[in-house]
Amino acid sequence: MKIAITGEPPADLSLARRAMQAAARPYRLPRGTAVSLAFVDDSEMRALNRRYRRKDTTTDVLSFGEPWPTETKGRDAAARLEPGPDGVVRLGDVVISGAQAARQARRRRWPLAAELAFLAAHGTLHLLGFDDQTRAGYREMLALGRAAVAIARQQSVKR
C-alpha cells in the first residue's frame, strides 16, 4: 500500500505507516493501492466533522472513501475496489487532527507516535468498511487497531 502524507505531522510517522499496512494486510488489497494520510489543525477538523457528520466539534480521525453497503467490510470491501482511469486503486483519505491526537496521547499516557499509529490504523479500517457505531463494531475496531499497532511495534523492533 502506498501512503501519501499531506500536512504537518506532529511526530515521526514510521510507526503509523507500519500500522496502516498491518491493518490492511489481512484483507489483501490490490498491489499498489494508494491511500492518503492528511494532518489538519483543530479548526479544519471541526469544519470537516461539521460538514460530513453534522457534529460541530473537533474529532481525532475522519476517513473518506467508498460508501460501502452495510456489512461489506474487510476482504469483501477490498475485492470491490477498482482502479481509476490511471490504473491506480485508491482506498481513500485518512485525516487526523494532530492537536487532538496529542491531547489524547497525553491523556492515555503513551507516546504521540503510538496515538498517531492507532488513529491511522483506525482510519484505514474505516476505509475498508469497518464501523464503530455499534458497541460490537467499536470493540472490533478497537481490537483490530490495537493489533495493528502491536504488529507495527514488533516490526520496528526487528529492524
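The values are calculated or read from the model by the stated rules, or taken from the named source; none is laboratory data. In this text, all values refer to a predicted model and were calculated from it rather than measured experimentally. Cβ placement follows ideal geometry from the backbone for every residue including glycine, while neighbour counts extend to all protein chains displayed.
Within the range 16-47, the residues that satisfy the criterion of being more than 11 Å from the chain's Cα centre (by Cα) and closer than 17 Å to Ser97 by Cα are Phe39, Val40, Asp41, Asp42, Ser43, Glu44, Met45, Arg46, Ala47. Remark: pairs (first residue in the range 60-84, under 11 Å from Leu127 (Cα atoms) and surrounded by 14 or more Cβ atoms within 10 Å (Cβ to Cβ); second residue at pLDDT below 95 and among the hydrophobic types (A, V, I, L, M, F, W, C); Cβ separation under 6 Å; 6+ apart in sequence or on different chains) = Ala77/Trp68. Listed by first and then second residue, the pairs with beta-carbon distance under 6 Å, at least 6 apart or on different chains, first residue in the range 134-159 and closer than 14 Å to Thr124 by Cβ, second among the aromatic types (Phe, Trp, Tyr), are Met141/Phe130; Gly145/Phe118; Val149/Phe118. The number of residues in the range 25-47 being part of a helix (DSSP H, G or I), touching a strand residue (DSSP E or B) at 6+ places or on another chain (Cβ under 8 Å) and crowded, with 18+ Cβ neighbours inside 10 Å comes to 1. One residue alone among Asp12, Asp56, Asp76, Asp42 is more than 26 Å from Leu112 (Cα to Cα), modelled with pLDDT of 95 or more and not hydrophobic (A, V, I, L, M, F, W, C), and that residue is Asp76. Thr6 falls short on exactly one of the conditions (1) under 15 Å from the mean Cα position of the chain (by Cα); (2) more than 21 Å from Val89 (Cβ to Cβ); (3) loosely packed, with under 15 Cβ neighbours inside 10 Å, and that condition is (2).
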